[in-house]
Structure formats: C-alpha cells, structure tokens
Amino acid sequence: MSIIAPGSTIGILGGGQLGRMTAMAARTMGYSVHVLDPDAQCAASAVADRVVAANFDDADAAADLASHCDVVTLEIEQIGVAALEAASRHAPLRPAASILAVVQDRSRQKRWLSERGFPLGDYRDVSSAAEIEVAARELGPLIVKACRGGYDGRSQTRVDAPSQSSDAWAALGSRPSVAEQMLDLEIELSVMVARRPGGQIVVYPPALNVHERQILAWSVLPAPLPERMAQQGEEIARAIADAFQLEGILAVEMFVLRDGTLLVNELAPRPHNSFHETEVACSTSQFEQLVRAVCDLPLGDTRALRPGAIFNLFGELWAKGPPQFEGALAQPGVRLHLYGKRGARAGRKMGHLSAIGETPDDALARVRAAAIAIQ
Ligand code: ATP
Ligand code: MG
C-alpha cells in the first residue's frame, strides 16, 4: 500500500457542501482538489482547483476528472455505475464502486445488511400498489421509500391504511420501493466509521439526531447515551466497515426503539450532516478523516474533546432578506458555516450553526439560542 502524499490531487464526485468542506480540509493538508458537479458554480467550486461540469452519469467526464487526480472520492451516492467504473480506471476510487452499488439501492442495501446479521426494522420489497397493500395489512402503518434517488425524505410517502396504497404507488412514480414498518422511535443516532486501505479502523462516538419533516434539524456529539448503547452502535459501524472492506468513511444512521433496541436505518459512505460538529468537537473532523482514509494516511483521533452541536440553516430563513447573523455570533462558542450556495429555496440546506459547550445539553442550548437569534 502506498500513501497519497500531501501535494497530490484529490478528485471529488459531487461539489455540494460536503464536497466543499472536504476540499477545505484537503487544502489545509496541502492537497489540490478537483470536483465534478453538474453546476460549474457549485458550493465546492470556490475552493476547487478545477471543476468538471457534468452530470453524475457522464462516464467520459468522470474519466477526465480521474485522469488528473491521484485518488477519487465522492460526497454523494447517486453517481452512475458506469461513471464510477470509468473513474476507477484512471485513479483509485475510494470508496469502491461495489460499495456504492449496494448503497444506491435501498432494497439491495437492506438485503446486504440483513444477510450479514445487522439489525433492521421490518420491511417488504414492493413493486406494485397491491404489494404495498399486502405490506400495510401485515406491518401496519408504513413509510414507503423508492429504492433509488431519495434524500432528505424525498421519494418517500406514508401509508397509514391499506386503502392508501394506490395513491402511495402513484406518488412514488410507480418505482420499485421498500415498504418499511413505521417504527415508534425513542431517538435517532448516527455513527461515523473510517477505514484506510491497510485495514486500520476508527469510530467516532454516536451523534444524537433530531429530524423535522424527515430532514435533519439538529445534532449533538457525543450523544448522551448509556455506555452500553454507545458501544453497541460503534460495534455495528465497525463491523459494517469491515464487511465492506471500506476505503473511506461511512455513516450508519440508526434508530433506537422505546425498548432500547438498536436498528440500522441506512448507510452513507461519505461525510454526513450529523457529523459536521466534528469540526468543533474533535481534533479530527470527518472531512479531514476522509482525506486521511482515502490517501491511506494514519487515521486521526475520533474522541470528542468537548461536546459539540449543529443546527441546520434552510433556505426559508432567507425569505425576508439575509438572516441576522450578528445575533447568532454573539452567543459564546458559536460558529457560522455557510456553503456559498446561490438561490435560497425552502428546504435547501444553506449552512449550519455549530457550538461547543461544557455538556451536550449546553452545546445544544447555545446553538439553539443562536438559531433563535437569527430569526
Ligand atoms: P436523509 O437524506 O436525511 O438521511 P433519507 O431521504 O435518506 O433522509 P431516511 O433516512 O430513510 O430518508 O428517513 C428520513 C427520516 O424519516 C429518518 O431519519 C426518520 O426520522 C424518519 N423515518 C424513516 N424511516 C422511518 C421508519 N421506518 N419509522 C419511523 N421513522 C422513519
Ligand atoms: Mg437518512
């Protein structure tokens, strides 16, 4: 195994905020960064040495990107398989196309997890209204999710009764889907794991996540949890990274039921919104960890040196003009992170606030106070 030394060039498929923050960490360590994104003025473009403006299924563009890079990684799962394979012919692709193929399809991802004994909620593969109806009779209220293409709760629909099956199937565009039993959640967690090509694995403590309208609203690290539950979550994440022979980082989203049962919700083999607080809470941010992992450098310390919390800023905050950032920044321990996106649409992630505190509750109280001060 040979390291990809600082001074080399890292390619990133996807130039959104995750790519932008990864690029900033890479630059801090002396790497050059090239990005592929459909939008030449994407969030990462401001910190990239080169932007290849192309769609995520453009194999020629992916080959072009990779042929000028020493390693290629990604910030979004939905990259066409042909584009992934084209990139990997010119530079190591980390994580590998085989992992993406599993993760891109919810049904395949669930099958992969359950075949290896990872705990999942009850679900059915469905490819017709009739199959949704059967699932609703057997499992009760459902969330039906298209196998491909969704994020931030898009391409998902609730089915509260079997009679809603036809409407749900139409709402999903008659696409193959998974029908998940609607679970009674106590809390949601995520665990970030990193693995380098040589096999070294490190795991961050779990983050506690709160979603509103199926989109992450805020998150705090470390999650205030019984030690045993934190350990169980970390073991699951480590085992998944090991089973994939992961090269890179991967977030495991988890559900905790009222009786304390831990289930895997879904996987994201890239930086994750719920670990943005690693930038302020840990000595190694998730973005630097990704750089280290894909360059086969020693992985960094994952301990939370102090609690950190984040609060997402969505486009609606800009509806009446620029938000009042001064109020937020006057709060102790608070930082502002904006992604440089043009066009503040409702529901679009424009940035986040972060805060550190003496305790997780303290960090959260500060970031919430800052969020209120903005509005
Ligand atoms: P994201 O991109 O934000 O991760 P996503 O579109 O991939 O979202 P999921 O993670 O599957 O969607 O679901 C989003 C949120 O919806 C979950 O974090 C959870 O709050 C809720 N949710 C999803 N599935 C279930 C379920 N089976 N039971 C209860 N709540 C659920
Ligand atoms: Mg999710």
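The values are calculated or read from the model by the stated rules, or taken from the named source; none is laboratory data. What you see is a predicted model, and the numbers here were worked out from it, not measured in a lab. Protein only, heavy atoms only, side chains kept; ligands, DNA and RNA dropped before computing areas. Shrake-Rupley method; radii C 1.70, N 1.55, O 1.52, S 1.80 Å.
With an 8 Å cut-off on Cα pairs and a minimum separation of 6 or more residues, tell me the relative contact order of region 185-374 in percent.
Normalised by residue count, the contact order of region 185-374 is 22 percent.
Going by Cα centres, region 46-109 and region 332-357 are how many Å apart?
27
Run the reach check for residue 110 against lysines, Cα to Cα strictly under 20 Å, same-chain hits fewer than 8 apart removed. What comes back?
145
Just the number, please: carbon plus sulfur as a percent of the accessible area of the chain, 1.4 Å probe, no ligands or DNA/RNA counted.
Of the solvent-accessible surface of the chain, carbon and sulfur hold 48 percent.
Below 18 Å, Cα to Cα, which lysines can residue 349 reach? Residues fewer than 8 away in the same chain don't count.
Reachable lysines: 320, 341.
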